[in-house]
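Chemist: Before I ask anything, let me first share the structure, which is written out below as structure tokens.
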Amino acid sequence: MTTVENTGNRRLSADELERFGAEMDAIRQRIVGELGEEDAAYIRGVVKNQRRFEVAGRALFYLPVVGWLPAVACLSISKILDNMEIGHNVMHGQYDWMGDPDLNSRMFDWDTMAPAENWKYGHNYMHHTFTNIVGKDRDIGYGILRMDEGQEWRPYYLGNPLYAFLLMTFFEWGVALHDLEVDELVAGRRTWAENREIGARIWRKVKKQTFKDYVLFPALTGPLFPLTLAGNVVANLVRNVWTFNIIFCGHFPAGVASFSQEECEDETSGHWYYRQLLGSANITGSRLFHIMSGNLSHQIEHHLFPDLPARRYPEIAAEVREICERYGLAYNTGRLSKQLFSVFGKICRYALPSRRGQRSALVPDQLADVTVAA
Amino acid sequence: MSITGTLLRSRAVAALASPHGVDRYLELVNPMWAAHEVRARLVDVHREIDVPGEPVVATLTFQPTTTWRGHRPGQYVQLSVDLPGARRLTRCFTLSSAGSRPGERFTITLRANPEGEVSRFLVEARPGQLVHLSQAEGDFVLPDRVPERVMFITGGSGITPAMAMLRSLMLRTHRGRVTFLHYARSAEQQIFAEELEQIRTAGYGVDVHLVHTQEGGRYFSALELERLVPDFRDIDTWLCGPEGLVEAVQTAYGVSTGSTTGTKLRVEYFQPPRSSGTAGGRIEFDRSGVSADNDGASILEQAEAAGLRPTFGCRMGICFSCTATKRSGIVRNILTGETSSRPDEDIRICVSTPEGDCSVAI
């Protein structure tokens, strides 16, 4: 396991954890009090633009040859915005306070294979509650990959890079099937009966999505059917590759800590914040980049405050960073290229069994930190 | 719009607009375009009562989208509006116009209660204000074949559905006899006074009795009613008003609270009956980790008393805005008196009281 010590971070005393948690609570309280017209106008503006890109994309397929590339670009942008800045965030309940059913976590569904209801359970509850607890957070490797030393090596994991590549290519399918917990099913810890309803939902949604993108819209362009079909496949692929990369940079770059179930028994809210902070990583970039990544480039802030509107994360980030400095905790951030390089290094490294001794490889001054904190 | 409407509501268009639905695209072009949802623009605000120190009563005229299916007099509508601060709230309002056909204008009449955020906003709203609506709901309406003799007994704002029905009777040139008995506090606070006066003097066989209780008018009594209409128990009666009036009239008609079966009386509360739940046990709000002693009030009121702010709408059990999951325990429905003990059941917390220990996902 990549323990807190392995990442060079210190453990906070119970007292420190409490103060740390209180500071986070204070940020949260302040932002909740400020929510209003600006946040509403922002998300409605993003929705408006997403729908414009979508309609433009669908329409441009009627322009043979010259329209194809712009069409794919528009549709890819539309799907990325729909899934990330809108879908992911709305389904977190970030805009529930508005009381608008169109932007409500109970009502919203997104333009991807995974049905909202399944995803909300697996993501909002399982992943966000048990973030980076090995054996509990199913997003550590998604039941397919080995992304942490805490996962015992098996020869199966030799295929780690290949599985990662396939998961990236078929990401929307992966996300949809993730909730079936196939690995748990194979291991006999889950029954088919438990999956019946989840599976039925996936089937209904998959039918709608495939029919729309791969039959109906291509058919509407008549003789251009093959071009439109290919365009829709590419747009979905572009979205898959983009979201996969952004999401993998959120929890898997070097320096992100994982936790054992014992560490998190009877967890205080202070420790929950501490775990969210050390279990996540940010990506630096421009405003446009943050919007296109659904502000998951601020994965740390997102994990600390999953139900605050994502547009607030950049302004919160400065405060969080300052708090981290005071408590001597690392704030994991870097350029996309750096974080990606680190993630793909991990995917390849964990394809092979861990070397002995690697686990407790601690630098002396970090050890000192640990002792002080203990 | 009908061919366009049929097309927009077709399965093919639904498949193309999946998963968001065709209305999400139409509204971006023009908020008054819709295939399924109902929206409306405010056309006019007319103040019925505008006396200093008293809540304003106003009649609002709305132009709905073509998706509006029309209404029968006596029905109400759920209206949602974005208040300043980007909070959308939903409340129920009685339709006051005589009836409307699909896509036709209609009016609602409302009192701007001091604590009523939505009603206070609406009476100040400007023409052009967009609102979101349900279809017209409720079965407090006249039957298709209107009986020869009809009586309305109303108090305060309860006049509105009766007024809508009376207006439709005027339009239908109902030939029978109508008794309209209304209780208001004072002549100053009498809504629709002019119109009622015209109807009274027009000689259409409508007996209008306006009782102003702060100006010497006596509160409802069975004796008084018997003097006005000796055989009142045999006349189809529509009753709407505050709890005190409703109870008194029900007693006069010989019916017990909550049930009017077998009588000529039809009742609409404009406030739910005060919860008659029993105190005792603990109520737990498991999502917020708060719990309190069950004081017998509705779960919504108890949640609010505990400092929580659950979503609500009509607060009378009709709009389902406050629906929450009851994890465990027994709850009683205030409106029907039924109890239920099923775990993980969706309940309307505004009209449910706990019977002993109870856990709700709030």
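Every number here is computed from the coordinates shown, using simple stated rules; none is lab data. The structure displayed is predicted, hence computed values, not measured ones. As a convention, Cβ positions derive from the backbone with ideal geometry for all residues, glycine included, and neighbour counts pool all protein chains shown.
Chemist: Which whole number gives the average, over all residues in B:19-29, of C-beta atoms from other chains lying within 10 Å of the residue C-beta? All intermediate terms of the calculation are to be shown ahead of the outcome.
Modeler: Values: counts 13, 11, 2, 0, 1, 3, 3, 0, 3, 6, 2.
Mean partner-chain Cβ count within 10 Å for B:19-29: 4.
Chemist: Which three semi-axes in whole Å describe the equivalent ellipsoid of the protein assembly as shown, each the square root of 5 times a Cα gyration tensor eigenvalue, listed largest first?
Modeler: 58, 32, 22
Chemist: Shifting gears a bit: Rounding to the nearest 20 debye, state how big the charge dipole of the stretch B:282-360 is about its Cα centre with +1 on each Lys and Arg Cβ and -1 on each Asp and Glu Cβ.
Modeler: Charge dipole, the stretch B:282-360, about its Cα centre: 200 debye, nearest 20.
Chemist: Ok, one more. Normalised by the residues of chain B, what does the relative contact order come to in percent, with Cα pairs under 8 Å and at least six apart? Write down the numbers at each step before the final one.
Modeler: Numbers: 771 pairs, mean separation 42.9, N = 362.
RCO, chain B: 12 percent.
Chemist: Does anything in the stretch A:91-118 have its amide N under 12 Å from the 7 Å Cα→Cβ label point of residue B:346, and if so which residues?
Modeler: Taking a point 7 Å out along Cα→Cβ of residue B:346, the residues of the stretch A:91-118 whose backbone N falls under 12 Å are A:106-107.
Chemist: Give me the three principal axis extents of the stretch B:37-133 from the C-alpha atoms, as integers in angstrom, largest value leading.
Modeler: Principal extents (largest minus smallest coordinate, Cα): 38, 30, 20 Å.
Chemist: Give me B:353, B:323, A:3, B:173 sorted ascending by neighbouring Cβ count inside 10 Å, so fewest comes first.
Modeler: B:173, B:323, A:3, B:353
Chemist: I've got another one for you. Averaged over every viewing direction, what's the projected area of the C-alpha convex hull for the stretch B:282-360? Give it in nm², one decimal, please. Mind dumping the intermediate values first?
Modeler: Working: hull surface 17.1 nm².
In nm², the orientation-averaged hull projection of the stretch B:282-360 is 4.3.
Chemist: Which of A:120/A:205; A:205/A:338; A:48/A:212 have a Cα-Cα distance over 24 Å?
Modeler: Violating the 24 Å Cα-Cα cut-off are A:205/A:338.
Chemist: Under 5 Å between amide hydrogens, which residues at least 5 positions from residue B:44 or on another chain qualify, with H placed 1.01 Å from N in the peptide plane?
Modeler: Sorted by chain and number, the residues that satisfy this are B:61.
Chemist: Moving to a separate point now. Considering amide H positions built from the backbone, and no H for Pro or chain starts, which residues 5 or more places from residue B:330, or on another chain, come under 5 Å of its amide H?
Modeler: Amide H neighbours of residue B:330: B:355.
Chemist: Determine the percent antiparallel among the DSSP beta bridges restricted to chain B, to the nearest 5.
Modeler: Taking every DSSP beta bridge with both residues in chain B, the antiparallel ones total about 65 percent.
Chemist: Rounded to the nearest whole Å³, what is the per residue volume of the convex hull around the Cα atoms of chain B? Mind showing how you got there, number by number?
Modeler: On the way: hull volume 63.1 nm³, N = 362.
Normalising the Cα hull of chain B by residue number yields 174 Å³.
Chemist: Further question: To the nearest 500 deg cm²/dmol, what mean residue ellipticity at 222 nm is calculated for chain A from DSSP H runs of n ≥ 4 alone, each contributing -39,500 (n - 2.57), summed and divided by the residues? Each step should come with its number before you reach the end.
Modeler: Numbers: 16 runs with 199 residues, N = 374.
That calculation yields -16500 deg cm²/dmol at 222 nm.
Chemist: Now, a different point. Once the cut-off is 35 Å, how many percent of the Cα-Cα pairs in chain A end up in the long-distance tail?
Modeler: Roughly 27 percent, rounded to a whole number.
Chemist: Let me ask another. Can you work out the base-10 log of I(q)/I(0) for the stretch A:196-283 at q = 0.21 1/Å, using the Debye formula on its C-alpha atoms alone?
Modeler: Rounded to two decimals, the profile gives -0.97.
Chemist: Another question about this same structure. What aspartates and glutamates does residue A:79 reach when the alpha-carbon gap must be under 18 Å and sequence neighbours fewer than 8 apart in one chain are set aside?
Modeler: Residue A:79 reaches A:54, A:102, A:109, A:111, A:172, A:213.
Chemist: Per residue of A:212-223, what is the mean number of Cβ atoms on other protein chains within 10 angstrom of that residue's Cβ?
Modeler: Per residue, the number of nearby Cβ atoms from other chains is 1 on average.
Chemist: Now for a different question. Given H placed 1.01 Å from N in the peptide plane, which residues other than close sequence neighbours of residue A:133 have an amide H under 5 Å from its amide H?
Modeler: HN-HN under 5 Å from residue A:133: A:259.
Chemist: Which order do A:121, A:331, A:273 fall in if you start with the one that has the fewest other Cβ atoms within 10 Å?
Modeler: Exposure proxy ranking, most exposed first: A:121, A:331, A:273.
Chemist: Find the relative contact order for chain A and round it to a whole percent, using C-alpha pairs within less than 8 Å whose residues are 6+ positions apart.
Modeler: It rounds to 29 percent for chain A.
Chemist: Starting from the alpha-carbon convex hull of the stretch B:135-267, give the projected area averaged over all orientations, in nm².
Modeler: About 8.5 nm², averaged over all directions.
Chemist: For n ≥ 4 DSSP H runs only, could you compute -39500 (n - 2.57) per run for chain B, divide by its residues and tell me the 222 nm figure to the nearest 500?
Modeler: -5500 deg cm²/dmol
Chemist: Restricting to DSSP loop positions (anything but H, G, I, E, B) with no more than 13 other Cβ atoms inside 10 Å of their own Cβ, which GluC sites (Glu not before Pro) remain in the stretch A:236-297?
Modeler: Sites meeting the loop and neighbour criteria: A:262, A:265.
Chemist: Could I ask something else about it? Give, rounded to the nearest 20 debye, the magnitude of the charge dipole that the stretch B:18-97 has about its Cα centre when Lys and Arg contribute +1 at Cβ and Asp and Glu contribute -1 at Cβ.
Modeler: 240 debye
Chemist: Dipole of the protein assembly as shown (Lys/Arg Cβ +1, Asp/Glu Cβ -1, origin at the Cα centre): which of A:32, B:358, A:141 lies farthest to the positive side?
Modeler: Looking along the dipole axis, the top candidate is A:141.
Chemist: Compute the relative contact order of the stretch B:37-133 as a whole-number percentage, counting only Cα pairs closer than 8 Å that sit 6 or more residues apart in sequence. Before the final figure, lay out each step's value.
Modeler: Numbers: 223 pairs, mean separation 35.8, N = 97.
Relative contact order comes out at 37 percent.
Chemist: How would you rank B:109, A:221, B:311, going from fewest to most other Cβ atoms within 10 Å of each one's own Cβ?
Modeler: Fewest-to-most ranking of B:109, A:221, B:311: B:311, A:221, B:109.
Chemist: Oh, and also: For the stretch A:75-81, what does the Karplus curve 6.51 cos²θ - 1.76 cosθ + 1.60, with θ = phi - 60°, yield as ³J(HN,Hα) per residue in whole Hz, taken in order and with x for Gly and Pro?
Modeler: After applying 6.51 cos²θ - 1.76 cosθ + 1.60, I find 5, 5, 4, 4, 5, 5, 4 Hz.
Chemist: Same structure, new question: Work out the charge dipole of the protein assembly as shown with +1 on the Cβ of Lys and Arg and -1 on the Cβ of Asp and Glu about the Cα centre, then indicate which of A:243, A:64, A:159 is farthest towards its positive end.
Modeler: So the residue we want is A:64.
Chemist: With only Lys, Arg, Asp and Glu charged, each at its Cβ (+1 for the first two, -1 for the last two), find how big the charge dipole of the stretch B:149-269 is about the Cα centre; round to the nearest 20 debye.
Modeler: That gives the stretch B:149-269 a dipole magnitude of about 400 debye.
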